[in-house]
1. Hey, can you grab everything whose amide H is under 5 Å from the amide H of T43? Only 5+ residues off in sequence or another chain; H modelled, so Pro and N-termini drop out.
2. So what is the relative contact order for the chain, in percent, with contacts set as C-alpha pairs under 8 Å and at least six apart?
3. When the chain is fully extended, how far beyond the present Cα-Cα distance does A66 get from D153, taking 0.36 nm per residue of separation?
4. Along the Cα→Cβ direction, 7 angstrom out, place labels at H96 and D29. What is the inter-label distance in nm?
5. So for the pair M1, D166, with labels modelled 7 Å out along Cα→Cβ, what separation do we get in nm?
6. Name the trypsin sites (Lys or Arg not before Pro) in the range 49-134 that are in a loop by DSSP and that have at most 13 other C-beta atoms within 10 Å, would you?
7. Which pairs break 18 Å Cα to Cα here: K3/K39; K3/K155; K79/K102; K78/K102; K2/K148; K3/K148?
8. In percent, what relative contact order does the range 1-108 have, based on Cα pairs under 8 Å that are 6 or more apart in sequence?
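Taken together, the values in this text are just the output of simple stated rules run on the coordinates, not laboratory data. These numbers were taken from a predicted model, which means no experiment stands behind them. Glycine also receives a Cβ, built like all others from the backbone with ideal geometry; neighbour counts cover every protein chain displayed.
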Amino acid sequence: MKKVILNLAVTLDGFIEGPNGEIDWCIMDDDMDFGGFMKSIDTIFYGRVSYDAWGNFQPDASTIPAEREMWEGIHSKKKFVFSHQHRQDDKATFIHSDIAGKVAEIKLQGGKDIWLYGGASLIKTFINEGLIDIYKVSVHPVVLGTGKPLFEDLKERINLQLTATDVFRSGVVQLTYEPAK
């Protein structure tokens, strides 16, 4: 069965973006093996705002080849957008209701795992509904002081078990957790 993987960057003080939505602090090193992660998934879950911003993003001509390749890999995946909007889109399937039921259906389809891309509202819903199988949190060596927190308005405590720790030359530390059994 597919697993839902929350794989995202967070600042040392727990923010997933700055107060104005900035993510310019996010580091991408080749030793992080983002390409390996992309090969492990075949599906991406987006919230509508994140999808509108990044779901069809096309880098410009000055973008380095490695980043262009990254975006090609992202755009090759099956995309689901969780939104209250009823919208048709040739590149994504929009889901309007019964999030837990639809996620269970998609997980049973077989294939590779699912990247819960976000945004913040969708991540919060998935956390509160217990729909995340793996938390991959890459802690970046920056403190913003304010912004959008990763864990906000939790319904209850979430006990997690650490399954892996990776330290990259940039100082980013990736912590991988699964919900405690």
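1. K78, W115
2. Here the relative contact order equals 38 percent.
3. 27.6 nm
4. It works out to 4.6 nm between the two label points.
5. About 2.5 nm separates the two model spin labels.
6. Answer in residue order: R87, K91.
7. In this structure, K3/K155; K2/K148; K3/K148 lie more than 18 Å apart at Cα.
8. 26 percent
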